[in-house]
Amino acid sequence: MNPEETEKWKQAGKLARDALHFGKELIQDKNKMLDVTERIETYVLDNGGELAFPTNLAVNNVGAHWTPSSKSDEVFSKGDVVKLDVGVHIDGYIGDNALTVEIDGNKYTKMIEASREALNAAIDVAAAGVSVGVIGHAVQDKIEQYGYRPIANLTGHRIKRYNLHSGISIPSVRERGGASLSNGDIIAIEPFVTDGAGRVGGKRNSNIYHLRQIRKIRDEKATELMIEIRDRYKGLPFAERWLHKIQDDARKNLQKLMRAGIVSYYPVLDELGNGIVTQSEHTLLITNSGNEVLTK
């Protein structure tokens, strides 16, 4: 990795951190989720970044994958446990981080701490030559010390330029062996903690989409939208509400692209035991001597 690339990874990490903590202060009782999301995303754009994915707000038993649509009217409420996940890129170099807020309460303080400490435990062992199974072991051990379960089928991930999930997954559970990290790898570690079943699943539309393929479709406006999505987002996830800046009839044409199998949505991931979920996440640069936390 050359110095220019390293600097862009660091810039993206710093802006992602700043945007995350800017957004944390907005998560308050009665605030509209759409307003909060748009303010966070505007903060990123106003400070020289682009969005690596739509800002995620996962509330209570939702583990991951939800963002407001352009018509969302949901508001935060006292007692909500909110996972805020913010991704930023600078010229395709990505910073990804998350935290959990409990609104006007302390019922889940210990569970929030468990996710933070599990992340710290993972950071303590992550280095070139270390297998992802060792990281998962450290994460699960720490979570279980707090009396909770890790979510087994939500993982961290290696990141490459314009590629948020680039082939290596970082588990939150004990695994034997697995891929080993290399000097220069960029990884996101994100332990999810629950008092439920320890797995997530679901089929509901999260309002987060990705471009599956480029192919001919017999609709001029839908074709224009497809090409614009390809050129603007370069394979990264996007939100329906972003498309209204591109086309007046974006919602209709998005539906056409989905029916044609060109675009798909990510499903909302609910905790299968209806448990509360907490999350913490940092992006790391792996080195021979350990790692550098880019979103700290």
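Every number in this text was worked out from the coordinates using simple rules, so none of it is lab data. Bear in mind that the values here come from a model prediction, so they are computed numbers and not experimental data. Please note: Cβ atoms are built from the backbone with ideal geometry, for glycine as well, and neighbour counts cover all protein chains shown.
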With a Förster distance of 25 angstrom and the Cβ-Cβ distance between E4 and D231, calculated FRET efficiency to the nearest 0.05 equals 0.60
The answer for the per residue Cα convex hull volume of the chain, in Å³, is 122 Å³
When the chain is treated as a Gaussian network with springs between alpha carbons less than 10 Å apart, the largest mean-square fluctuation among R218, R204, R174 is found at R218
Residues other than D80 with Cβ under 12 Å of its Cβ, Lys/Arg counted +1 and Asp/Glu -1, net out at 0
In the structure shown, of K24/K221; K110/K203; K14/K110; K71/K221; K10/K142; K14/K221, the pairs separated by more than 32 angstrom at the C-alpha atoms are K24/K221; K14/K221
Taking a crude spin-label model, label points 7 Å out from Cα along the C-beta direction, the R251 to N106 distance in nm is 4.4 nm
For segment 228-240, Karplus-derived ³J(HN,Hα) couplings (6.51, -1.76, 1.60; θ = phi - 60°; whole Hz; x for glycine and proline) come out as 5, 4, 4, 6, 7, 9, 6, x, 7, x, 9, 10, 4
Subtracting the Cα-Cα distance of D91 and D35 from 0.36 nm times their residue separation yields 17.5 nm
For F53, the residues 5 or more places away or on another chain with a placed amide H closer than 5 Å to its own amide H are G87
The local net charge around G196, scoring Lys/Arg +1 and Asp/Glu -1 for residues other than G196 whose Cβ lies under 9 Å from its Cβ, equals 0
The helix 250-259 Cα axis meets the longest alpha-carbon principal axis of the chain at an angle in degrees, between 0 and 90 and rounded to 10, of 70 degrees
Computed ³J(HN,Hα) along segment 275-288: with the Karplus parameters 6.51/-1.76/1.60, θ = phi - 60°, integer Hz and x for glycine or proline, the list is x, 6, 10, 10, 8, 9, 8, 9, 9, 10, 9, 7, 10, 5
Calculated from DSSP helices alone, with each H run of at least 4 adding -39500 (n - 2.57) and the total divided by the residues of the chain, [θ]222 nm to the nearest 500 comes to -10000 deg cm²/dmol
1/(1 + (r/R0)^6) with r = Cβ-Cβ of K160 and A197, R0 = 25 Å, i.e. FRET efficiency to nearest 0.05, evaluates to 0.20
FRET efficiency for L45 and D141 from the Cβ-Cβ distance with R0 = 35 Å, rounded to 0.05, comes out at 0.30
